[in-house]
Structures are given as structure tokens and as C-alpha cells.
1. Residue by residue through the range 152-165, note down the ones that are assigned to a helix (DSSP H, G or I), open to solvent by 20 Å² or more (accessible area, probe 1.4 Å) and touching a strand residue (DSSP E or B) at 6+ places or on another chain (Cβ under 9 Å).
2. Return the pairs, sorted by first residue and then second, in which the second residue is of a type in the set (S, T, N, Q) and open to solvent by 20 Å² or more (accessible area, probe 1.4 Å), the first residue lies in the range 110-139 and is under 27 Å from Lys57 (Cβ atoms) and modelled with pLDDT of 95 or more, the beta carbons are less than 7 Å apart, and the residues are 6+ apart or on different chains.
3. Restricting to the range 111-151, name every residue that is assigned to a strand (DSSP E or B) and surrounded by 18 or more Cβ atoms within 10 Å (Cβ to Cβ).
4. Given (1) open to solvent by less than 30 Å² (accessible area, probe 1.4 Å); (2) over 17 Å from Gln92 (Cα atoms); (3) without any contact (Cβ under 8 Å) to a residue 40 or more places away in the chain; (4) touching a Ser or Thr at 6+ places or on another chain (Cβ under 7 Å), identify the lone condition not met by Ile200.
5. Hey, Asp94 hits all of (1) free of Cβ contacts under 8 Å to residues at least 60 places away in the same chain; (2) more than 21 Å from Ser203 (Cβ to Cβ); (3) surrounded by fewer than 21 Cβ atoms within 10 Å (Cβ to Cβ); (4) of a type in the set (Asp, Glu) but one; which does it fall short on?
6. Of the residues Ala61, Ala54, Ala99, which is in a loop (DSSP other than H, G, I, E, B), over 18 Å from Ala155 (Cα atoms) and of a type in the set (A, V, I, L, M)?
Amino acid sequence: MAHYFDKDPDTISDRRYVAYRQHGRDFRFVTDTDVFSRSDVDKGTDILLKTSIADIKARGAKKGERLLDLGCGYGVVGIVMKSVFVNFDVTQADINSRAVSLTKENCELNGIRTDKVLQSNVLQELSDDDLFDTVITNPPVRAGKKTVFEFYEQAYAHMKGGGSIYVVLQRKQGAPSSEKKLNELFGNCETLEIEGGYHIMKSVKEAI
């Protein structure tokens, strides 16, 4: 059985369109089998976007900031963030080849040009000096805690000093253990929002 975190899913394609509204704009996304939340934009991602957008606006966005949509699925987070923060440099990465293809298609569908879309097992395809100001992720819980923690560890390695990571998880999906891990890595973890059982957590990498 294929999963949304498989590298090359081979389940027969069954494409569909989903509508989504965020930050006063309507979006339309193509989805398919073996990608995360194919029937609609999941509630966790919706809350993650609302919360991270508000937090970035509150601290003040700077032109040319680099943002990473880690585990991008069919592209929702990166596309929405690029539409809000048009001067950001946005990279989207996912292990799933079908998801990566859909992300590229959804950029065109929504008239949004992100800066890089790549297939990568977490961040293995990035160079060591590829660093980001902001990382946003709805980690692949079904892939297991080891993979989720690899998301955090590799994100940390690819973040600039003073950069922030935003994470969404439900308590029943392991939010407390993720909070502990993020605290261990970053030395801090703030819960920005709890809604419908979803926890939005933020950690900041110490400035060098």
C-alpha cells in the first residue's frame, strides 16, 4: 500500500480539484492519490498558515527572506505564503514525486511562481550552505517519530541564526514529544495557538 510519504507512489491516478481560501484570497489546487490530504486542505495546515502569517507580519517581514515549505505535499503552504509575502524567496520540498509534480502544476494554476520546487528525502538534496529564515512544516506523522524528528534536525541545520520554524501537530499525534524535541534542538519552543486540538509551535534558532 502506497503512502503520501513514499518516494514514487504507483497507485492509479485519480485527480481532483479542491478550493481553499486564506488571507482574503481564493485558491484552487489539483490533488491526486497518494498525496497528503487529497480531499481538502486539512485543518492543521489552515491553522498553521493563519498563525504563521500573523506572526511574521507582527515581527515585520523583510524583502528577500528565504522561506522553506518542508514536506510541501501538493504545494499549499508555499503557494499561499508566496502570495502573501511576494518578496520572499520560497523553496518547496517533498520526498513524493507525485506531490512535487502537483506543486509545480498548482503554482501555475494559481498564478504564483515560487522560487524552487524539488524532490528530496527531507533536505538531503540541499547543499550545506542552503539556509532559510523561516521553515514551515506539517510533518508526516504517519511516517513515524524518527522521520518527524529528522524534519526538525535537518531544518535546524538549514536555518540561519535568528530564523524561525513553525510546526503543527495535534496533541494525540505527538505534540508534547515534538515540543520536547524542539526545545532540545533550539533551546526554546513557544505554543502560538491551540485550536481544535491542533498545536502551532514556534522555535527560533539562536543568532550567531
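1. Correct list: Gln154, Tyr156.
2. Partner pairs satisfying both residue conditions: Ile112/Ser83.
3. Just the residues of the range 111-151 that are assigned to a strand (DSSP E or B), to begin with: 116-119, 132-137.
Within the range 111-151, Val117, Phe132, Asp133, Thr134, Val135, Ile136, Thr137 qualify.
4. Checking Ile200 against (1) open to solvent by less than 30 Å² (accessible area, probe 1.4 Å); (2) over 17 Å from Gln92 (Cα atoms); (3) without any contact (Cβ under 8 Å) to a residue 40 or more places away in the chain; (4) touching a Ser or Thr at 6+ places or on another chain (Cβ under 7 Å), the one that fails is (3).
5. Unmet for Asp94, out of (1) free of Cβ contacts under 8 Å to residues at least 60 places away in the same chain; (2) more than 21 Å from Ser203 (Cβ to Cβ); (3) surrounded by fewer than 21 Cβ atoms within 10 Å (Cβ to Cβ); (4) of a type in the set (Asp, Glu): (3).
6. Ala61
For (1) at pLDDT below 95; (2) touching a helix residue (DSSP H, G or I) at 6+ places or on another chain (Cβ under 6 Å); (3) open to solvent by 10 Å² or more (accessible area, probe 1.4 Å); (4) farther than 16 Å from Val168 by Cβ, each residue gets a yes or a no:
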residue	(1), (2), (3), (4)
Asp46	no, no, yes, no
Gly60	no, no, yes, yes
Leu68	no, no, no, no
Gly78	no, no, no, no
Val84	no, yes, yes, yes
Asp89	no, no, yes, yes
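The values are calculated or read from the model by the stated rules, or taken from the named source; none is laboratory data. No experiment lies behind these values; they were computed from the predicted model shown. FYI the Cβ positions are ideal-geometry reconstructions off the backbone, even for glycines, and counts take in every protein chain you see. Areas reflect the complete protein model, heavy atoms only, side chains present, ligands, DNA and RNA absent. Shrake-Rupley method; radii C 1.70, N 1.55, O 1.52, S 1.80 Å.
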